[in-house]
Amino acid sequence: MESLLDGFSASEDPEDFVGDEDRKENKQFATWWQKIGLVGDPFPNKLGLDLIPTDKYEKIVVLTRIFKEYLNTIDQAPGSFYGKTIF
């Protein structure tokens, strides 16, 4: 089943989906993306960051400790992932 956002191209600006404070619904019943002020789910399908421009990643992705460790490993020792089927 496709969402409305599946029809948008990768060139769409995620900032266009940010709503005003008065447009937010009741936070008690809001989804995670409504709670942070978005008017649409930025991850509407299994493609993850596919529809988000790379220059916007840092505004959307939370760089947790494990995420930073993987990024460091990718930079310092990319060969350590050779032959692994799960990242």
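The values are calculated or read from the model by the stated rules, or taken from the named source; none is laboratory data. Every value quoted in this text rests on a predicted model; they were computed, and no experiment measured them. Glycine gets a Cβ as well: all are built from the backbone with ideal geometry, and neighbour counts include every protein chain shown.
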Practice prompt. Please name all residue pairs, on different chains or six or more residues apart, with Cβ atoms under 7 Å, provided the first residue is in region 62-87 and is without any contact (Cβ under 8 Å) to a residue 40 or more places away in the chain and the second residue is part of a loop (DSSP other than H, G, I, E, B).
Written response: Phe81/Phe87
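Within the bounds of region 73-85, is there any residue that is touching a helix residue (DSSP H, G or I) at 6+ places or on another chain (Cβ under 8 Å), at pLDDT 70 or above, among the aromatic types (Phe, Trp, Tyr) and surrounded by 10 or more Cβ atoms within 10 Å (Cβ to Cβ)?
Checking region 73-85: at least one residue is touching a helix residue (DSSP H, G or I) at 6+ places or on another chain (Cβ under 8 Å), at pLDDT 70 or above, among the aromatic types (Phe, Trp, Tyr) and surrounded by 10 or more Cβ atoms within 10 Å (Cβ to Cβ).
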Worksheet, complete the sentence: Those residues of region 52-70 that are surrounded by 10 or more Cβ atoms within 10 Å (Cβ to Cβ) and modelled with pLDDT of 85 or more come to a total of 3
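From the list Gly48, Gly37, Gly79, exactly one residue is at positive phi and more than 10 Å from the chain's Cα centre (by Cα). Which is it?
The conditions single out Gly37.
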Discussion item. Out of the residues in region 27-42 meeting the condition of being buried (at least 16 other Cβ atoms within 10 Å of the Cβ) and assigned to a loop (DSSP other than H, G, I, E, B), tell me which one is modelled with the highest pLDDT.
Written reply: Gly40
Fill in: Hey, Lys68 over 11 Å from the mean Cα position of the chain (by Cα), among the basic types (Lys, Arg) and either over 17 Å from Asp13 (Cα atoms) or outside any loop (DSSP other than H, G, I, E, B) (or both) or not
yes
